[in-house]
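Inspection log for the structure reproduced underneath, given as structure tokens.
Rule-based calculations on the coordinates, nothing more; no lab input. Computed from a predicted model, the values in this text were never measured in an experiment. Using ideal geometry, Cβ is built from the backbone for each residue, glycine included, and neighbour counts are taken over all protein chains shown.
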Amino acid sequence: MERTEIERIFESFFEKYKKTEGDRTSWSAVWTHMTDKGVLDLNMTKCPRGTTFKIFKDKKKIAQVIGWDAYFETMEKFQAEHPGLYDPDQIFSDIEFSL
């Protein structure tokens, strides 16, 4: 799946499912993807610092990055280090289906 398509789908998911972090300056949405390789949580947060992504594997934080460029770079490494867990075509097709 192309990067622009992933961004569009994740942004649409965020707008539909975002929840405030309490002070209404920070909003987040989380997608959970379960496979036989483990559980992947993708958390997108928008706050005054920018768009932040938190990546969790089996409830353990693996990375926290700011911005789309950093997200794609991190997920490329994550995909190599955890084969079978991050499949962007499957994940973002599932997210799009939920919209």
Inset, instruction - Averaging over all projection directions, find the projected area of the Cα convex hull of the chain and quote it in nm² with one decimal place. - result: 6.0 nm²
Inset, instruction - Enumerate the calculated ³J(HN,Hα) couplings along segment 79-91 in order (Karplus 6.51 cos²θ - 1.76 cosθ + 1.60, θ = phi - 60°), each rounded to whole Hz, writing x wherever the residue is Gly or Pro. - result: 4, 6, 7, 10, x, x, 9, 10, 10, x, 4, 5, 4
Inset, instruction - Determine ³J(HN,Hα), in whole Hz, for all residues of segment 38-55 in sequence, where each value follows from phi through the Karplus function 6.51 cos²θ - 1.76 cosθ + 1.60 and θ = phi - 60°; x replaces Gly and Pro. - result: x, 10, 10, 10, 10, 10, 9, 10, 10, 8, x, 6, x, 7, 10, 10, 10, 10
Legend entry - Average Cα contact separation per residue, the chain, under 8 Å, 6 or more apart, as relative contact order %: 23 percent
Inset, instruction - Considering only lysines 8 or more places apart in sequence, or on different chains, count the pairs in the chain whose C-alpha atoms sit under 15 Å apart. - result: 11
Legend entry - Under 5 Å, built H, 5+ apart or other chain: amide partners of Thr51: Gly67
Inset, instruction - Scan segment 44-99 for trypsin sites (Lys or Arg not before Pro) in coil per DSSP, keeping those whose Cβ has at most 16 other Cβ atoms within 10 Å, and list them by number. - result: Arg49, Lys59
Inset, instruction - Determine ³J(HN,Hα), in whole Hz, for all residues of segment 64-75 in sequence, where each value follows from phi through the Karplus function 6.51 cos²θ - 1.76 cosθ + 1.60 and θ = phi - 60°; x replaces Gly and Pro. - result: 9, 9, 10, x, 5, 4, 5, 4, 5, 5, 5, 6
